[in-house]
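The values are calculated or read from the model by the stated rules, or taken from the named source; none is laboratory data. The model shown is predicted, which means the values in this text are computed figures rather than measured ones. Every residue, glycine among them, receives a Cβ derived from its backbone with ideal geometry; neighbour counts consider all protein chains shown.
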Amino acid sequence: MSDSEKEYAELCLPDKTVRLPIVHGSSGDERAVYISSLRNETGYITLDNGYMNTGACTSSITFIDGERGILRYRGIPIDILAERSTFLETAYLLLYEHLPSKTELDTFTKRIMRHSLLHEDIKRFYDGFPRSAHPMAILASVVSSLSAFYQFEAGDDLEIFEMNCIRLLAKLPTIAAFSYKKSIGEPFIYPDFSREYCENFLYMMFARPSEEYVVDQDFTEALNLLLILHADHEQNCSTSTVRLVRSSMTNIFACIAAGICALWGRRHGGANEQVIKMLEEIRAEGGNVSRYVEEAKNKKRLLMGFGHRVYKNFDPRATAIKTACDKLLSKKKSDDLLRIAKELEQVALSDEYFIERKLYPNVDFYSGLIYRAMGIPVNAFTVMFALGRLPGWLAHAQESNVEPGNKIGRPRQIYTGPDLAPYIPIEER
């Protein structure tokens, strides 16, 4: 595009007016004002709390249109991937930018299964954690420790990066399962190379050496679906954290550990845990859903799992998961939390208050119920989120390695402290 064909925005400042290029995305009507030269040209910066209106990068990984309820990985709609794909195929798509052939997928799968064992010395770390340790604390700590085990690798940077991506996809389920076994005082169950990825994780979580364990295939299918739905979600807090940490060119294990820590927060990955806590709170108060909903309408309570910060219409992931949730929960016997959840769901789909505000059940509402049905403890829900989000984190770290103009992340600030303060000797204070 010639300079005459480019679009510009004009920014009027007190002392001058500047022309800033307009950048268009490849899908929808995404547009951005490119301001990278603003400070050099004018001395001004932009101030945007939470970066709600600031694009930190360009990316070809995931497209979201919150107004229309669209989520696509590499251009493929999430509902198609949810229906037809597997988690490892989706991970391959995110990492390698195309769907794999059968041979490519078989090779990818075998590589991951072969690296799912942990170094025996890593097992000793678990002895140092208290039984009460939060699973996310263990997950972040052990992932970070992998830096010490894979620090002198042969090959060029891209080969080493790819190998470490394989290691992380392979080992994160093992690390997570071992942390669960530690919390309940049961022996670790080693990976079984003959099992599919999701089945193998459930096997490591719930099998015991003393008895035969058959993994419920409905659970395997539901877990595969959930991991696909969580695999990436554009520039959220944890993904942005991974990209920012990677911009310093630190190792990928440290980047993923940082992403795990960001995901841990209740404003981010802890949302489905909050859904279960809300249901338990309603049950503890007599199970009166109508009263709780009315108090939520009057801003006296928080209604968790409804609406979404990004999706202004409906969460396309929730649409994909609802059928799986209903199928799985139909196998459960009478359950007070399930009854309460179904009542809340019906309210959201029929009450004008929710319909007008488009407060539909989101993916967190359903995922918490599914994980609970599987037997996953509530404090490990965010661990499950991390297992799903890992390929997205890896893809973004990889993309940031080669993006044009790659620089270390260094946000600016507007200082609001004292201009010049005196130092007072301690004896005079």
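A few comments on the model shown:
- Counted residues, the range 381-421 - those being closer than 14 Å to Ile61 by Cα, surrounded by 10 or more Cβ atoms within 10 Å (Cβ to Cβ) and of a type in the set (A, V, I, L, M): 4
- For the range 72-88, residues that are touching a residue at least 24 places away in the same chain (Cβ under 8 Å) and either basic (Lys, Arg) or surrounded by 21 or more Cβ atoms within 10 Å (Cβ to Cβ) (or both) total 9.
- Residue identified as touching a strand residue (DSSP E or B) at 6+ places or on another chain (Cβ under 9 Å), assigned by TED's automatic domain parsing to the domain that holds Pro191 and buried (at least 18 other Cβ atoms within 10 Å of the Cβ) among Leu118, Leu93, Leu139: Leu93
- Residues satisfying the stated conditions in the range 123-136, i.e. touching a residue at least 40 places away in the same chain (Cβ under 8 Å) and either outside the structural domain of Val378 (by TED's automatic domain parsing) or assigned to a helix (DSSP H, G or I) (or both): Lys123, Tyr126, Pro135, Met136
- Among residues of the range 148-182, those that are at pLDDT below 95, in contact with a helix residue (DSSP H, G or I) (Cβ under 7 Å, 6 or more places away or on another chain) and either surrounded by 17 or more Cβ atoms within 10 Å (Cβ to Cβ) or of a type in the set (Gly, Ala, Ser) (or both), counted: 4
- Of note, Pro187 does not satisfy the criterion of being crowded, with 18+ Cβ neighbours inside 10 Å and at negative phi.
- Number of positions in the range 217-235 that are part of a loop (DSSP other than H, G, I, E, B) and farther than 22 Å from Gly69 by Cβ: 0
- Helices (runs of 4 or more DSSP H) completely within the range 319-429 that count 1 or more residues being free of Cβ contacts under 8 Å to residues at least 24 places away in the same chain: 336-350, 352-357, 381-402
- Residue among Lys331, Lys312 that alone is among the basic types (Lys, Arg) and over 25 Å from the mean Cα position of the chain (by Cα): Lys331
- Remark: pairs (first residue in the range 34-60, assigned to a loop (DSSP other than H, G, I, E, B); second residue basic (Lys, Arg) and exposed (fewer than 14 other Cβ atoms within 10 Å of the Cβ); Cβ separation under 6 Å; 6+ apart in sequence or on different chains) = Ile45/Arg39; Ile45/Arg412.
- Taken together, Arg243, Arg291, Arg266 contain a single residue that is of a type outside the set (Ser, Thr, Tyr), part of a helix (DSSP H, G or I) and over 27 Å from Glu89 (Cβ atoms), which is Arg291.
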